[in-house]
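The values are calculated or read from the model by the stated rules, or taken from the named source; none is laboratory data. Predicted, not measured: the structure shown is a model, and the values here were computed from it. Glycine gets a Cβ as well: all are built from the backbone with ideal geometry, and neighbour counts include every protein chain shown. Side chains included, ligands, DNA and RNA excluded: accessible areas come from the protein's heavy atoms. Shrake-Rupley method; radii C 1.70, N 1.55, O 1.52, S 1.80 Å.
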Amino acid sequence: MGQITLQGVTKRFGEVEVIPPLDLTIEDGEFVVFVGPSGCGKSTLLRLIAGLEDVSAGDILIDGKNATDASPARRGLAMVFQSYALYPHMSVRKNIAFPLKMAGVSKPEQDRRIEAAAKALNLTSYLDRRPGQLSGGQRQRVAIGRAIVREPSAFLFDEPLSNLDAALRVGMRLEISELHNRLKTTMIYVTHDQVEAMTMADKIVVLQAGRIEQVGSPLDLYLRPKNVFVAGFIGSPRMNLFSGAAAAEYGAMTIGVRPEHIRISGQGGKWKGRVGVSEHLGSDSFFYVEDTGLAETITVRADGEVTLHHGDTVWLTPDEGKIHRFDTNGDRI
Amino acid sequence: MARAVSRNTKIGWTIAAWAVALLIFFPILYTIITSLKSEQEAIAGFDLIPSFTLESYQTVQSQNNYWRPFTNSVILAVGSTLLALIVAIPAAWAMAFSPTKRTKDILMWMLSTKMMPAVAVLVPIYLIFLRTGLMDTRIGLTVLLMMINLPIVVWMLYTYFREIPGEILEAARMDGATLRDEILYVLTPMAIPGIASTLLLNIILAWNEAFWTIQLTTTNAAPLSAFIASFSSPQGLFWAKLSAASVMAIAPILVLGWFSQKQLVRGLTFGAVK
Ligand SMILES: Nc1ncnc2c1ncn2[C@@H]1O[C@H](COP(=O)(O)OP(=O)(O)O)[C@@H](O)[C@H]1O
Ligand SMILES: [Mg+2]
């Protein structure tokens, strides 16, 4: 079991309120991603749940029991750190065994669980090495191994992939998702990368300055962003946002159109502009259109075969049904 | 980035490096050479080939028993170092793991005491030693040497402890370690290399300390530094014997240094070399 409830959880460092009172429920077995820009308080929130920081106010319930004052060890949660935080003086085997040793698990049972974890994570041939002799990806797997052997009620990940190179990152992302499918244990995953959030999460929590901007499934956030911040943060490339006359036409302060919901044409359309930079990925092409009078540039996603040249005059037409409208407070209309 | 260095430049630098190293080592080398000469050879003038006689060593040993100052040196160096570690480990620990606003100031203040010339406090300390009967005692000198080297010991340990990443301690806490487990299984093994380097370096510093040991001892507690000094004043002209005494005084520490080179380099560079 691993249901986690935050009730009015608040964190202050001295005078600075990093997390204003916050409520959130994470259901058992869910894969929840906290996403937000750097410095918005994601790590702090995770560390409050872990018990590595004390809350300034509010309560943390784990499986309905108040765990606010429980030590990290007694919460039954496991954490994977960005720096891996392996014990450098212990072999991989000893690293993975450490939580079992602390829990007083018998030696044969320890060995059984270590073998199983090592097999699942492709670490069997590295068990007798030191962390210093492993690559970044292997170290990350050891850190995950150390977390899974103790069979925690929830896993906490703090940007676990940010020290890996791009190719490894995609591979590890899949491994973690598979791990979740297999174990069905609650996972809370912190990242500043919205692509990681979109691809892995059952539920995304978008944070800004310690406040929750929106909670929802990846598709929810993509289709119905609650405000301008979420609209701009979720989706890659970013949603085009503009205000002024173009927005007023739709009875809104600000409107947003995703690059994939704009048609580009050389013949005619709603907004006129000039092609600036274009990126051809094969499957898709991205055009950055300038001089539209609406915004600095408008990003348009088109079919891979579309070829336009720098300086070409083009016409843009938004898909009327997919325009997002926001009021003066930035909230969705 | 690798820079292209011509062969000649490389040879030039190698020769220069050897020249500087030899220049620095030469006084020690010449002391060893002189110690293997007879007194007549020693005063005869500059000569790199001794007659390899051991007579100076025999005379030094028969006139002045070597083993008593040797024992004192060991007791003072090891004793003061262990005492310093007992005081400095908790101090450095607290400053590295729970620093306050004033931690940096305290560290600077401790270091500043090393900027004052020792002579400045010679009279008060001399008087304290005289009045309390600590003059020429091992215990008095051990405590004094401990206090003299304490700032450096605290600084070194502080630097090492700060290198231990906090996330590893947090990981141990998440893994269910109690404070005792954390200290026993995680902190101590990670801190031991740093403590060992500090211990070695401080033993050498204490061994070579000459100002206080010469001022505050006569015979009972006199270590090897005072042993050399006792040869330089009354018998200043007997260079071979003085050299032999010097070699006997520095030999143990040279051997120790030789065998612990790796630890020492780490110690002297304050952990900058990984
Ligand atoms: N121990 C601390 N003392 C003071 N301020 C802190 C501390 N830890 C984090 N903060 C501040 O809290 C804010 C949120 O930090 P963090 O949770 O690390 O952000 P994120 O993980 O989203 O990048 C930042 O402004 C940071 O400076
Ligand atoms: Mg963070």
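Before moving on, here are some points about what is shown:
- Protein accessible area in chain B, 1.4 Å probe - carbon and sulfur %: 72
- Peptide A:141-148 has a mean shielding of 1, counted as Cβ atoms of other protein chains within 10 Å of each residue's Cβ.
- Translational D in µm²/s for the range B:127-179 (Stokes-Einstein at 37 °C, 0.692 mPa s, Kirkwood Rh from C-alpha pairs): 227
- Residue-averaged [θ]222 nm for chain B, counting only DSSP H segments that reach four residues, each worth -39500 (n - 2.57): -23000 deg cm²/dmol
- The distance between label points at A:ARG182 and B:PHE52 comes to 7.1 nm (points 7 Å beyond Cα on the Cα→Cβ vector).
- A:VAL9 long-range amide H proximity, modeled H, under 5 Å: A:LEU22, A:ASP59
- Think of the range A:1-51 as a dipole: +1 on every Lys or Arg Cβ, -1 on every Asp or Glu Cβ, centred on the Cα centre; then among A:THR44, A:LEU6, A:PRO21, A:THR44 lies furthest on the positive end.
- Helix-only [θ]222 nm of chain A, DSSP H runs n ≥ 4, -39500 (n - 2.57) each, per residue, nearest 500: -7500 deg cm²/dmol
- Peptide A:78-87 shows a mean partner chain C-beta count of 5 within 10 Å per residue C-beta.
- Charged-residue dipole, Cβ positions (Lys, Arg, Asp, Glu), the range A:4-230 about Cα centre, Debye nearest 20: 840
- Cross-link reach is defined here as a Cα-Cα straight distance under 23 Å, omitting same-chain residues fewer than 8 places apart; for B:LYS241 the lysines meeting it are B:LYS37.
- Taking label positions 7 Å along the Cα-Cβ direction at both A:ASP303 and A:HIS280, the computed distance is 1.5 nm, reported to one decimal.
- Legend: distances between Cα atoms for A:LYS203/A:LYS270; B:LYS114/B:LYS262; A:LYS65/A:LYS101; pairs beyond 29 Å are A:LYS203/A:LYS270.
- Mean per-residue shielding of peptide B:160-173 is 5, counting Cβ atoms of other chains within 10 Å of each Cβ.
- Coil-residue GluC sites (Glu not before Pro) of the range A:15-94, DSSP, other Cβ within 10 Å capped at 11: A:GLU15
- Positive-end residue of A:VAL314, A:GLY256, A:GLY304, charge dipole of the range A:237-326 with Cβ unit charges: A:GLY256
- B:VAL121 paired with A:LYS272, simple spin-label distance in nm, labels 7 Å along Cα-to-beta-carbon: 8.6
- The residues of chain A present an accessible area of 45 Å² per residue when probed at 1.4 Å with all protein chains retained.
- Farthest positive-ward along chain B dipole, Cα basis, beta-carbon charges - from B:THR213, B:ALA229, B:VAL123: B:VAL123
- In the A-B interface, the accessible area buried, summed over both sides, Å² (probe 1.4 Å): 1600
- Only Lys, Arg (+1) and Asp, Glu (-1) charged, at Cβ; chain B dipole about Cα centre in debye: 520
- Cα-centred dipole magnitude for the protein assembly as shown, charges only on beta-carbon of K, R (+1) and D, E (-1), debye, nearest 20: 1480
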